[in-house]
2 protein chains.
Amino acid sequence: MEQQVLQIRRSRSKSRTGAANIAVLGAGGLGMAAARMLAQKKEMRLSAIADKTGFVIEPEGIDPQVLVDKKPGDIGTRTDDAIGEIIRNSHAFDGIFIALPNLTNDFIPDVVSGFAEHGYSGVMVDALKRSGAVEMIFKLDDKLKQSGITYITGAGATPGLLTCAAALAANSFMEVLGVDINFGVGVSNWESYRATIREDIAHLDGFDLDRASRMTCAEIKDELDRRCGILRLGSMEHADDVLLERAGIVSREKVSVGGVVDTRNPKKPVSTTMTLRGRTFDGTVSSHRFILGDETTMAANVVGPALGWMKAGLEFHARGIFGVFGSAEIMPRFVR
Amino acid sequence: MEQQVLQIRRSRSKSRTGAANIAVLGAGGLGMAAARMLAQKKEMRLSAIADKTGFVIEPEGIDPQVLVDKKPGDIGTRTDDAIGEIIRNSHAFDGIFIALPNLTNDFIPDVVSGFAEHGYSGVMVDALKRSGAVEMIFKLDDKLKQSGITYITGAGATPGLLTCAAALAANSFMEVLGVDINFGVGVSNWESYRATIREDIAHLDGFDLDRASRMTCAEIKDELDRRCGILRLGSMEHADDVLLERAGIVSREKVSVGGVVDTRNPKKPVSTTMTLRGRTFDGTVSSHRFILGDETTMAANVVGPALGWMKAGLEFHARGIFGVFGSAEIMPRFVR
């Protein structure tokens, strides 16, 4: 393994081609969307991908075609310490996109600590959702500064794209009275999105993560039947609140996130909308809105912005600006 | 005058109260809105205001009440070189907001050069509209870097708030197909907004700035009568195009800006909307939209974001990041 580390060190080649080497942690829906998007970009390339099955490292770039119907362990090295391997080879990567499943709150913060303790100096971006997990990332600020890591948290769609839209909209107002994020998701068949639907059920009244994780597929199907396939989610724990509060825009209790998931129809049941209500300097109360195109998928709205924050992070890193930033504080930069 | 300069140098007091000293150039609609907004902010204060009548410098803060129905020359020092006086005292200011009338393209770039040649080191923000003027500001990049100026251009509503919303929205897409900005403005009486309406007329087919500036008020009234008070403006020269092209988002010819101005009704004839159409990584074409609240005024949507970019500029300046940035490159930071 030592030999492999040395070879990868030599082949780090950002300066030769101008494209940043990106490692993606996770090869589920978001990780695979990242692989497909990176293949269409000139400024970045997929140089590693890892999940629980194993990892592939190829600094010159991984063709996402080889991952179709395959897992990283199928085409690269099979191991149950794939993240550890990425950490040990982290000098080969300009940026790390964390697209791991949202497990317990401390899982991703522990992974991030591992990179800092190894002495990684580069950019890291996550698409964490829960307020508690994002708050744990902010607590790593000193540690990441010492390691020379520029970290952007909550950098997906919500939190992320919509949080940043709220932070932008706030500037027209003297006081922000409330931020309301309402998302619509449509899937033709819940069984293609078992993990996501299971987590959505955990957010319903009377359910929690523990209860949802113990439900059988038949029980989930029964629950969906009782609700005619529609899940209405309100007052979700989403880190939009923490990120907007930290940016000094509005206190967290004035931020609400909810949505409607149709598990039987790919059409979004409602348009995904961020509404920010505020009072202007002349006393007027009004609302700005940001509305996502109904045809855009969750993957496009999560991973596209995440890569945009990766590029912004690379610019900050090149200027020697390290530490943890929230997605409401930095403009994501369109990646060509 | 030398004595006044020295006294102002001593009283620069950002570190004592934590509020940044802001000088506003211009005391028209936007300059006066800036004065009123700054009076409601803790992080910034109005420390100087200047227009063609004269100037007031008061580092401890100017009460906007003293400016009601008065001009800077009425309450401070009457001079026809007010901008020169602000330049000579510029060491007293952390930031300069340029809210001067939009005269010839080279007027504001010349003012900015004056600050750099005097050795000013601080933040400058403009709300320029025309592409040609913004391009002239970008050409000052080297000169401003040498002086230690952090400059953000096109930092109003459009260009500005809506341009930045387009830059944010772009991240969901692999390719941006077009950006369309359509604004609505309603005023109850064109005579309260003579300069603005005159410039709007200059954008109509068959008119130009020269012809509009030579029209008598009776001729403007006749022109408005012929159009039932409604001005429909299309394909305007707005720097949204230059700013989005420079940020690498879309080529300038794919950006269009137009609007409808009702000169007889304060209600906006249409909602001000930015629509960005793009193609996602999976080939889908869709549009994100950003819609301003109908009740928000031009002043709130121009000056609020301008001060947000001022705060972002102060953060960049503190990190030693100088030069010219477009409003599509930097997140404006909500000012408390």
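Read the figures in this text as sums done on the coordinates, not as results from a lab. Just so you know, these numbers come straight off a predicted model, no measurement behind them. Counting neighbours? That spans all protein chains shown, and the Cβs are built from the backbone with ideal geometry, glycine included.
Summary table
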| read-out | value |
| --- | --- |
| Distance histogram for chain A (every C-alpha pair counted, 10 angstrom bins, percent rounded to whole numbers) | 6, 25, 33, 24, 10, 2, 0 |
| Rough spin-label spacing in nm, given labels placed 7 Å along Cα→Cβ, for A:Arg214 and B:Arg211 | 7.9 nm |
| Cα-Cα pairs of region A:161-294 separated by more than 18 Å (percent) | 58 percent |
| Whether region B:38-105 is rounded, prolate or oblate, judged on the alpha carbon gyration tensor where a/c under 1.5 counts as rounded | rounded |
| Per-residue HN-Hα couplings for region A:273-285 [Karplus 6.51, -1.76, 1.60; θ = phi - 60°; Hz; x = Gly/Pro] | 9, 10, 10, 10, 9, x, 10, 7, 4, 9, x, 6, 9 |
| Nearest beta-carbon to the A/B symmetry axis - residue in chain A, distance in Å | A:Met331, 2 |
| Interchain or long-range residues, amide H under 5 Å from B:Gly122's placed H | B:Ile149, B:Thr150 |
| Dipole magnitude of region B:51-168, debye to nearest 20 (Cβ charges: Lys/Arg +1, Asp/Glu -1, about Cα centre) | 300 debye |
| For B:Gly234, inter-copy label distances in nm, listed shortest first [label point 7 Å out on the Cα-Cβ vector] | 4.6 |
| Label spacing, shortest first and in nm, from B:Asp63 to its equivalents in the remaining copies (7 angstrom along Cα→Cβ) | 7.5 |
| Dipole moment magnitude, nearest 20 debye, the protein assembly as shown about Cα centre, only Lys, Arg, Asp, Glu C-beta charged | 360 debye |
| Distances in nm from A:Glu135 to the matching label points in the other copies, shortest first (labels 7 Å along Cα to Cβ) | 5.2 |
| MRE, 222 nm, helices only [DSSP H, n ≥ 4, -39500 (n - 2.57), over chain A, to nearest 500] | -10500 deg cm²/dmol |
| Cut-off 13 Å between beta-carbons: net charge of the residues surrounding B:Val255, Lys and Arg +1, Asp and Glu -1 | -2 |
| Region A:194-233 versus region B:163-219: alpha-carbon centroid distance in Å | 51 Å |
| Cross-link table A:Lys311/B:Lys311; A:Lys70/A:Lys139; A:Lys41/B:Lys254; A:Lys254/B:Lys129; B:Lys267/B:Lys311; B:Lys41/B:Lys221, entries beyond 28 Å C-alpha to C-alpha | A:Lys70/A:Lys139; A:Lys254/B:Lys129; B:Lys267/B:Lys311; B:Lys41/B:Lys221 |
| A:Glu175 long-range amide H proximity, modeled H, under 5 Å | A:Arg279 |
| Cα-based Rg / Dmax (Å) for the protein assembly as shown | 26.3, 85 |
| Other-chain or far-sequence residues with amide H under 5 Å of B:Arg333's (modelled H) | B:Trp309, B:Lys311, B:Ala312 |
| Calculated diffusion of region A:219-297, Stokes-Einstein form, Kirkwood radius summed over Cα pairs, 25 °C and 0.890 mPa s, µm²/s | 162 µm²/s |
| Cα shape, region A:197-262, gyration tensor, a/c 1.5 rule | prolate |
| Karplus 3J(HN,Hα) series, Hz, for region B:244-252 with 6.51 cos²θ - 1.76 cosθ + 1.60 (x for Gly, Pro) | 6, 5, 4, 6, x, 8, 6, 6, 4 |
| Loop trypsin sites (Lys or Arg not before Pro), region A:132-183, which have at most 13 other Cβ atoms in a 10 Å radius of their Cβ (DSSP) | A:Lys139 |
| Integer Hz, Karplus 6.51/-1.76/1.60 couplings in order for region A:150-155, x for Gly and Pro | 9, 10, 10, 10, x, 9 |
